[in-house]
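Enquirer: One structure, pasted below without further comment.
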């Protein structure tokens, strides 16, 4: 039986790289897309400078300082190795997930499934591109897994 072709959209955090590597071992990855985060607009700058946004960012930094210190989470997933993608040859970096290049990659590769881990909100036609559909691994707050970073605690 043929393995499903998968387009992975993932972040750069060690937990996302780990999950992407495990997915690549189980299916036939066709492309791995990562955002560079370099798409800035007046509206984005304005929203990032709101007091509530700055307060939330400071709180997340203070809350997560122990886990992020000295790469503890990276060591959990990758031992002494640097966090990496096993299929670096498939990586395409785009400024934003809704960049026309991402849609073109999906059209060219025609994946059975699109997996999404830690990206911006996906809009438009990309939502319909996976032949079977899209699988979203959401790392948001989940009280059953100790608050934030639900992916880490579920894997742990």
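The values are calculated or read from the model by the stated rules, or taken from the named source; none is laboratory data. Since the model is a prediction, treat every value here as computed from it, not as a measurement. Cβ placement follows ideal geometry from the backbone for every residue including glycine, while neighbour counts extend to all protein chains displayed.
Enquirer: Which of the numbered conditions does residue 125 fail, given that it passes all the others? Conditions: (1) modelled with pLDDT under 85; (2) out of contact with any strand residue (DSSP E or B) (no Cβ under 7 Å at 6 or more places or on another chain); (3) not in a loop (DSSP other than H, G, I, E, B).
Expert: For residue 125, the failing item is (1).
Enquirer: Same structure, new question: What tally of residues in segment 84-110 results from selecting those that are assigned to a loop (DSSP other than H, G, I, E, B), over 21 Å from residue 18 (Cα atoms) and modelled with pLDDT of 90 or more?
Expert: Here is the first cut: in segment 84-110, the residues assigned to a loop (DSSP other than H, G, I, E, B) are 84-87, 95-99, 110.
After this cut, where a residue has to be over 21 Å from residue 18 (Cα atoms) as well, the list is 95-96, 98-99, 110.
With the extra rule that they be modelled with pLDDT of 90 or more, the set shrinks to 110.
Qualifying residue count, segment 84-110: 1.
Enquirer: Kindly list, by first and then second residue, each pair from a residue in segment 72-92 that is over 12 Å from residue 24 (Cβ atoms) to a residue that is in a loop (DSSP other than H, G, I, E, B) and modelled with pLDDT of 95 or more, limited to pairs with Cβ atoms under 6 Å and residues at least 6 apart or on different chains.
Expert: Qualifying pairs under 6 Å: none.
Enquirer: State all residues of segment 1-17 that are within 11 Å of the chain's Cα centre (by Cα) and farther than 24 Å from residue 98 by Cβ; if no residue qualifies, say none.
Expert: Initially, segment 1-17 is screened for residues within 11 Å of the chain's Cα centre (by Cα), giving 8-17.
Selection gives 14 alone.
Enquirer: Something else now. If a residue must be under 20 Å from residue 138 (Cβ atoms) and either more than 18 Å from the chain's Cα centre (by Cα) or part of a loop (DSSP other than H, G, I, E, B) (or both), how many such residues does segment 27-51 contain?
Expert: Number satisfying all stated conditions: 2.
Enquirer: Give just the number: which of (1) modelled with pLDDT under 85; (2) part of a helix (DSSP H, G or I); (3) on the phi < 0 side of the Ramachandran plot; (4) surrounded by 13 or more Cβ atoms within 10 Å (Cβ to Cβ) does residue 139 not satisfy?
Expert: Here residue 139 clears every test but (2).
Enquirer: From (1) within 27 Å of residue 127 (Cβ to Cβ); (2) at pLDDT 90 or above; (3) not in a strand (DSSP E or B), pick out the condition that doesn't hold for residue 12.
Expert: Among (1) within 27 Å of residue 127 (Cβ to Cβ); (2) at pLDDT 90 or above; (3) not in a strand (DSSP E or B), residue 12 violates only (2).
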